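As structure tokens, the structure follows; a few thoughts come after it.
Throughout, read-outs are computed from the coordinates displayed, never taken from laboratory work. Being a predicted model, the structure only gives us computed values, none of them experimental. Ideal geometry is used to build each Cβ from the backbone, glycine not excepted, and the neighbour counts take in all protein chains shown.
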Amino acid sequence: MTSKFYLLIIILFISVSSALAQDSLDVHFNGLGFLDNREYKTFVERSRTYSGARTELDFGLNMDSLNHFVVGVNGIHEFGAQPYFLKVDPVAYYSFKSAKWLFNAGMFPRAGLLDNYPRALLNDTLMYYRPNVEGLLARYSTKNGYETGWLDWVSRQTATAREQFLFGAEGKFLPDSKGSFYISNYFLLMHDAGPAVPIPNDHIRDNGGAQVRLGLDLTRHTSLDSLAFEAGGMISLERTRGFDQWRIPKGFVAAAYIAFLKRFAVRDEFYAGQGHYITYGDSYYEKKVYNRMDMIFTPFDYKHIKGQFILSLHFSPGQFNDNQEAFRVTYDLGRQTIKRFNGDR
């Protein structure tokens, strides 16, 4: 893995060198350090400690104000592990950005694009172990909100590997751009087909889910840093083709978030209904009733770096002492132009 990492670095700098004759070039450096201890009696196989650091370095070639090419690497190291890099993900994509449209094609970070998804649909370990989307994303934004559609290829079909990809949509709509009320929507579906060499009694599977939430952001009406409430419905979609019909469990979701004194916050999420199994979703939503409370302390929050302690308490039928303690440091230096040309040398 280390040799592959250095090869990617060499390719990266060759690409950068060839780009220096273009209009402008920028560099972007960011990362995440994490220590996430999970004490889950409900799901013993997930009761473990995640710890490590993920670092991304990429270079952007700006053809003009709308068209951009980005190439880089994103590597993760788990503390105490050998070899040093558990995995190195290439970053390579084309991006079109205008006042209303964003379009990405290639391998690009999900942070800032798809990290609003509820954990019931996309769990929170993806930020550690699968930071990139490999496919396409399009977003349309106005003063009344936005809508995003995306495709993420998970596994390419080989003789032994399955063909798997995710696609979905998420967005937020504000009927009054200056009002407190909003509607948010989230949807995803996973297509899971077999390998090129057929497996006896294997079938194509479809698995996903959706949520629609009504929200009220009361922050501007209080002296708090933030105050918001949400409530809505959730379904999951499960089918084994040629074997059964769609199974569509349903349930109710609610959430509240309060932040105060620039350093403290509490987030509470509640679910009640039928149990769901979503491949990349949080396993706790297999329960018919579930409540999660996050107590958040932010000891430092500067322009480019932020540190947070998070104590999470998980409550489900028969279990009232599942807990999780996490410390995360995120840093992002932003995009910095390192060379600019006027085109008439």
Among 80-87, 282-289, the order from most to least packed when residues are scored by Cβ within 10 Å on average: 282-289, 80-87
Long-range Cα-Cα pairs in the range 98-190 (distance over 22 Å), rounded percent: 33
Using θ = phi - 60° and Karplus 6.51 cos²θ - 1.76 cosθ + 1.60, couplings along the range 130-139 (whole Hz; Gly, Pro as x): 9, x, 10, 8, 10, x, 9, 8, 9, 9
Cα-based equivalent ellipsoid of the chain: semi-axis lengths in Å, sorted from largest, via gyration tensor: 33, 27, 23
Fully extended contour minus Cα-Cα distance, from PHE309 to PHE79, at 0.36 nm per residue: 80.9 nm
GNM flexibility winner over the chain from SER155, SER184, SER95 (Cα, springs under 10 Å): SER155
Relative contact order (%) - criterion: Cα under 8 Å, at least six apart; region: the chain: 15
Prolate/oblate/rounded call for the range 207-345, Cα gyration tensor, a/c under 1.5 rounded: oblate
Computed label-point distance, nm, for sites TYR331 and ASP115 using a 7 Å Cα→Cβ extension: 1.6
For the range 14-126, Kirkwood radius (reciprocal of mean inverse C-alpha pair distance, Å): 16.5
Derived scalar couplings ³J(HN,Hα) [the range 37-45; Karplus, 6.51 cos²θ - 1.76 cosθ + 1.60; whole Hz; x for Gly, Pro]: 9, 10, 10, 10, 7, 6, 10, 4, 5
C-alpha center-to-center spacing [the range 183-222, the range 81-149] in angstrom: 15
Total formal charge among the other residues, if their Cβ is under 15 angstrom from that of PHE96, Lys/Arg +1 and Asp/Glu -1: +2
Distance from the range 245-279 to the range 29-51 (C-alpha centre basis), Å: 19
Most mobile of ARG328, ARG48, ARG110 in a GNM of the chain (Cα contacts under 10 Å): ARG48
Tail weight of P(r) past 18 Å, computed on alpha-carbon pairs of the range 110-158, percent: 38
Helix-derived mean residue ellipticity, 222 nm - over the chain, DSSP H n ≥ 4, -39500 (n - 2.57), to 500: -2000 deg cm²/dmol
Exceeding the 28 Å Cα-Cα cut-off - candidates LYS262/LYS288; LYS143/LYS250; LYS250/LYS306; LYS41/LYS288; LYS172/LYS303: LYS262/LYS288; LYS143/LYS250; LYS250/LYS306
Set of aspartates and glutamates with alpha-carbon distance to LYS287 below 19 Å, sequence-local pairs under 8 removed: GLU39, GLU45, ASP124, GLU238, ASP268, GLU269, ASP322
